[in-house]
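J.: Sending over a structure as structure tokens; questions will come in a sec.
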Amino acid sequence: MTGAGDRPLVTVLGASGYLGSVLTALLADLPVRLRAVARRPSPVPARTTADVEVRTADLTDATSLAAAVADADVVLHLSKHSGGWRDAEGNPQSEPINVGVMRELVRVMGGRTAAGPPPVVVFAATTSQVGLPPEHPMDGSEPDRPETVYDRQKLAAERMLLAASAEGVLRGVSLRLPTVFGRSPLSAVPDQGVVSTMIRRALAGEPLTMWHDGTVLRDLVPVEDAAGAFLAAMRRPDALAGRHWLVGTGRQDPLGTVFRTVAESVAAHTGRPPVPVTSVEPPANAPVIDFLSTTIDPAPFRLASGWSARTGLRDAVDRTVTALLDEAATTGREPSVRR
């Protein structure tokens, strides 16, 4: 990376979010100029190595977006519609964020005349863009046949980025993420994914239910490891630019094992017996992908970037249980279960 002065300027779009807040905290410990941008104020550590600017902005506003990325050497684009994939189907506000921000970002970058190498843009994409997953671990060579509106939006944004990279407007890297989970001491932003939901249920003494027999496989990436993948991409843009990469642990965790790990961890932390893990009938509208295994071969990204996941499943679950119990002790309220 190169930039004005001694320190490159790194802009994080979506810096106040679940993954963005952890990434921002990691960047704050590096010798960079850090611009943390989101709709709401982004938390940053009290002590930082970086020169930090926190900026609130509506990134769907062209002027605000242009100001957010002005002079940036690196843009880490984690911004997405807060409703997630389930909400994209019927929410007209999802497209301007999930696709429109990338469209405008590419336009802004195309209008820059600064000397030096093109800016680096690293995009948070998703492994589900492929559509129904194959039976073998995915390595990134699979054809894309997205099944949902959200995945089609993510794929459209990714293609804009990579087209701009091919034109030399920027150096674009797309990181397709599987399920990111867990809590990090670097951020208080909660995780609302399935693992943390099951931890909350176990803390409440409720059984952990599955819509299948527990043999469905997932590649679950702890949040700090996922954030580390963006740092790795930022450091080796020329080896990665111009294509998408799959980020994964390479583990193939059966969800039954994951849920039993949750039950055992909560029992160890609370002294109570483990809650039961049971199978129940799925609802009629359950997405078919919930019953299919999604596994990843992380070797291509590991070889190109030097990144690999470092946190084991049990360690990540234990950290999240500890964080939720600490929050309950601080607030005086039991961890809530969102339904």
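The values are calculated or read from the model by the stated rules, or taken from the named source; none is laboratory data. These numbers were taken from a predicted model, which means no experiment stands behind them. Every residue, glycine among them, receives a Cβ derived from its backbone with ideal geometry; neighbour counts consider all protein chains shown. Heads up: the accessible areas ignore ligands, DNA and RNA and are worked out on the full protein's heavy atoms, side chains in. Shrake-Rupley method; radii C 1.70, N 1.55, O 1.52, S 1.80 Å.
J.: Report the Cα centroid-to-centroid distance between the range 259-308 and the range 95-132 in angstrom, as an integer.
T.: 30
J.: Continuing with the same structure: Using a 1.4 Å probe and counting only protein heavy atoms, arrange R7, R302 so the residue with the most accessible area comes first.
T.: On the way: R7 65, R302 100 Å².
Ranking R7, R302 by accessible area, largest first, yields R302, R7.
J.: Might you work out the accessible area of V75 for me, using a 1.4 Å probe with all protein chains in place, and round it to the nearest 10 Å²?
T.: 0
J.: Work from the charge dipole of the chain (Cβ charges, +1 for Lys and Arg, -1 for Asp and Glu, about the Cα centre) and give the residue of Y18, L34, Q93 farthest towards its positive end.
T.: Value: L34.
J.: What net charge is computed for the residues neighbouring H136, neighbours being all others with C-beta under 12 Å from the C-beta of H136, Lys and Arg scored +1, Asp and Glu -1?
T.: That works out to -4.
J.: Also, quick follow-up: For the ranges 116-129, 172-185, what's the packing order if you count other beta-carbon atoms within 10 Å of each residue, average per peptide, and put the highest first?
T.: Answer by packing, highest mean first, reads 172-185, 116-129.
J.: Quickly rank 292-298, 17-23 as a protection proxy: mean count of other C-beta atoms within 10 Å, highest first.
T.: Top of the packing list down: 17-23, 292-298.
J.: Return the carbon/sulfur percentage of the accessible area of the chain, one whole number, probe 1.4 Å, all protein chains in place.
T.: 51
J.: Can I ask one more? Please work out which option in (i) 63, 45, 39; (ii) 72, 45, 40; (iii) 73, 54, 32 gives Cα extents along the principal axes in Å calculated from these coordinates, and answer with its label.
T.: Step by step, Cα extents along the principal axes in Å for this structure corresponds to label (i).
J.: In Å², and per residue, what accessible area does the chain have when probed at 1.4 Å with the other protein chains present? Can you show the working numbers first?
T.: On the way: 15150 Å² over 339 residues.
For the chain, the per-residue accessible area is 45 Å².
J.: Using the C-alpha atoms of the range 138-226, what convex hull volume per residue, in cubic angstrom, is computed?
T.: 162
J.: In the chain, once you exclude exposed GluC sites (Glu not before Pro) (DSSP loop, at most 12 other Cβ within 10 angstrom), what's the longest stretch remaining? Walk me through the numbers on the way to the answer.
T.: On the way: sites that count: E89, E135, E167.
After excluding every exposed loop site, the longest remaining stretch is 168-339.
J.: At 222 nm, what helix-only mean residue ellipticity would the chain give, in deg cm²/dmol to the nearest 500, using -39500 (n - 2.57) for each DSSP H run of four or more?
T.: Working: 11 runs with 120 residues, N = 339.
So the calculated ellipticity at 222 nm is -10500 deg cm²/dmol.
J.: In addition: Could you tell me which of Q153, S174, L9 has its Cα farthest along the dipole of the chain towards the positive end, charges placed at Cβ (Lys, Arg +1; Asp, Glu -1), taken about the Cα centre?
T.: L9
J.: How much of L324 can a 1.4 Å solvent probe reach, expressed as accessible area in Å² and rounded to 10?
T.: Rounded to the nearest 10, the figure is 10 Å².
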